[in-house]
Amino acid sequence: MDVKTGFFYLFSLVLLFAAFRVITARNPVHAVLYLMLAFSQASAVWLLLQAEFLAIVLVLVYLGAVMVLFLFVVMMLDLNMDSLRQGFWKHFPLAALVGVVIALEMAYVLMGGFREMPVASMSAAVAQVSNTKALGILLYTEYLYPVQIAAVILVVAMIAAIALTLRARKDTKFVAVSDQIHVKAGDRMKLVKVDATQPAPPPAPPAASEAAPVAPGEKKA
């Protein structure tokens, strides 16, 4: 066994362990961290298979953006795991059946694809041209329209997310972005000059309707 094969088995074992811990970890934060470990090991396996573009995309997109977002969301939600685990064993048989079906379908597709192309011809095809260059040529020639449609869909989704965030709602406080941009310092705070010491105000004179004190033994008029 050469060094490349040894690294492949090492990355694969760590990947399987991390994937198993993702679904068995009791703490959701630990599950997200294990998922990040699984993605990093999958990226290393793709590098060994000379799929460097997919490996870099996995690190940049999933580890650099999506998983960090998941981690912050999970930490901010403060999930109650006791309520989430209710009814787990009730739905476990159906979930296990679906998982077995998906695993068998993936195994059938993968083994069928490996049988169609021998390893020798696959290695020769990879050695002819760079993986990234071949993928780019394929995307922007044969799959040009699907790539453009996917880009338009992503742009529309981004604009919709921004519009939903900036909309005025009755149950929340809303400030127009244009008002925030055109605001001036004088509108925010006004300085008033006040003397450090001021004379005490004179005592107020007694009211005319106020009755005078009555001496003992005298009657009121």
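Computed from the coordinates by the stated procedures, all read-outs in this text should not be read as laboratory data. Remember, predicted model here, so these are calculated numbers, not experimental data. Backbone-built Cβ (ideal geometry, glycine too); neighbour counts: all protein chains shown.
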Next on the checklist: Need one word for region 1-78: rounded, prolate or oblate. Basis is the Cα gyration tensor (sqrt eigenvalues a ≥ b ≥ c); a/c below 1.5 gives rounded, then a/b vs b/c decides.
Outcome noted: oblate
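So how much slack lies between Leu77 and Phe20, counting 0.36 nm per residue of separation and subtracting their Cα-Cα distance, in nm?
Contour length minus the Cα-Cα distance gives 18.2 nm.
So how much slack lies between Val29 and Leu10, counting 0.36 nm per residue of separation and subtracting their Cα-Cα distance, in nm?
On the way: separation 19, 0.36 × 19 = 6.84 nm, distance 2.47 nm.
Extra length available between Val29 and Leu10 comes to 4.4 nm.
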Checklist entry - For labels at Phe88 and Gln148 in the simple 7 Å Cα→Cβ model, what's the distance in nm? => result 5.0
